[in-house]
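The values are calculated or read from the model by the stated rules, or taken from the named source; none is laboratory data. Here the structure is a predicted model, which is why all the values come from computation and not from measurement. Note that each Cβ is placed from the backbone with ideal geometry, even for glycine, and that neighbours are counted across all protein chains shown. Remember, those area values only see protein heavy atoms, side chains included, never the ligands or the DNA or RNA. Shrake-Rupley method; radii C 1.70, N 1.55, O 1.52, S 1.80 Å.
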Amino acid sequence: MQPTLTFLGTGTSMGVPTLACECAVCTSTDPHDRRLRPSALVRWPDGEHRERTVVIDTGPDFREQALRNKITRVDAVFYTHSHADHILGLDDLRPLSYIAARDTGPIPLYATPETRAVLEHVFDYTFSPSATYAHRARVSLLPVLDHNPVHGVDFIPIPLFHGQMAIIGYRFGRVAYLTDVSDIPESSFPLLHDLDHLVLSALRHKPHPSHATVDQAVAWSRRIGAKQTWLTHIAHELGHQATNSILPPGIALAYDGLTLDVTL
Ligand SMILES: [Zn+2]
Ligand SMILES: [Zn+2]
């Protein structure tokens with residue numbers, strides 16, 4: 001069993017196609033131009049050759065993504081930040097959480113204090129100590145520490161900026177997943193050495209207050225020097241084929257369902 005990273009979704013918050021839009025990308029027949037909301041899946045065998053599964057963010061498309069990628073168990077979820085396109089599929093963990101609860105216990109959800117506060121508010125019927133909803137998800141919130149080992153793989157938070165908001169990406173093995181980035185603090189670069197695969201968000205070509213452009217992502221990619229950089233959180237301004245044809249070697253747009261062999 002080979003460890004893998006799968007892109008569950010590579011679209012921006014509205015998804016691509018965007019509702020009611022008739023632009024060239026939204027009406028494209030290339031399946032690479034259909035992008036669900038951003039999320040990633042990490043799978044690997046533990047010491048007893050049992051498959052382990054971690055999801056990064058549970059967006060509004062999580063149920064469809066879990067069906068497409070045959071996710072039948074989740075060992076942990078790591079959240080990057082609290083925006084709707086990254087958290088609103090939390091309830092779709094319910095059936096998987098009942099399996100986990102019977103097996104090992106509630107699914108651990110790793111979140112920063114800011115993300116935790118939003119999750120507790122939005123999903124109060126799940127997290128409130130006085131919650132009486134019998135069919136709530138069996139999940140438990142855990143703080144994100146400097147090291148967060150899950151069945152032999154260490155998930156390390158990478159501090160980032162998303163506009164004014166301090167958020168995190170994650171490094172695991174020789175992979176880093178950094179989405180919704182508009183700036184990378186200087187102190188985060190040393191955490192990004194020796195990467196095989198770097199995932200960076202790149203919304204479009206035109207500047208945006210809380211997301212990197214393609215040019216910004218290419219510049220960070222060169223500085224970080226991963227063997228391969230994959231761009232995600234992609235808006236409908238970027239057609240898959242047209243954008244990939246102008247990206248430098250070693251950098252490409254990811255697409256939904258893309259699965260990479262990784263070293264963890
Ligand atoms: Zn987002
Ligand atoms: Zn966001």
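Brief remarks on what is shown
- Label point distance in nm, residue 135-residue 103, each placed 7 Å from Cα along Cα→Cβ: 2.2 nm
- Residues in segment 79-84 carry Karplus couplings, in order, of 9, 8, 5, 9, 5, 3 Hz; the curve used is 6.51 cos²θ - 1.76 cosθ + 1.60 with θ = phi - 60°, and Gly or Pro positions show x.
- Accessible area per residue for segment 179-259 is 43 Å², calculated with a 1.4 Å probe on protein heavy atoms, without ligands, DNA or RNA.
- Using θ = phi - 60° and Karplus 6.51 cos²θ - 1.76 cosθ + 1.60, couplings along segment 22-28 (whole Hz; Gly, Pro as x): 10, 5, 4, 6, 5, 9, 5
- Beta bridge orientation in segment 1-132: antiparallel %, DSSP, nearest 5: 70 percent
- Taking the DSSP bridge list for the chain and keeping only pairs wholly inside it, about 55 percent are antiparallel.
- On Cα atoms only, tilt of 214-224 relative to the major axis of the chain in degrees: 70 degrees
- Entry comment: accessible area of segment 60-171 is 48 Å² per residue, from protein heavy atoms only and a probe of 1.4 Å.
- The accessible surface of the chain, taken with every protein chain in place and a 1.4 Å probe, is 54 percent carbon and sulfur.
- Centroid-to-centroid separation of segment 8-53 and segment 240-259 [C-alpha atoms, Å]: 13 Å
- Loop-located trypsin sites (Lys or Arg not before Pro) in segment 18-88 (DSSP state other than H, G, I, E, B) with a sparse environment of at most 12 neighbouring Cβ atoms within 10 Å: 50, 70.
- Using the Cβ-Cβ distance between residue 120 and residue 64 with R0 = 22 Å, the FRET efficiency computed as 1/(1 + (r/R0)^6) comes to roughly 0.30.
- Taking a Cβ cut-off of under 9 Å around residue 167, the surrounding Lys, Arg, Asp and Glu residues balance to a net charge of -2, with basic ones at +1 and acidic ones at -1.
- Of all DSSP beta bridges in segment 100-233, antiparallel share, percent nearest 5: 50 percent
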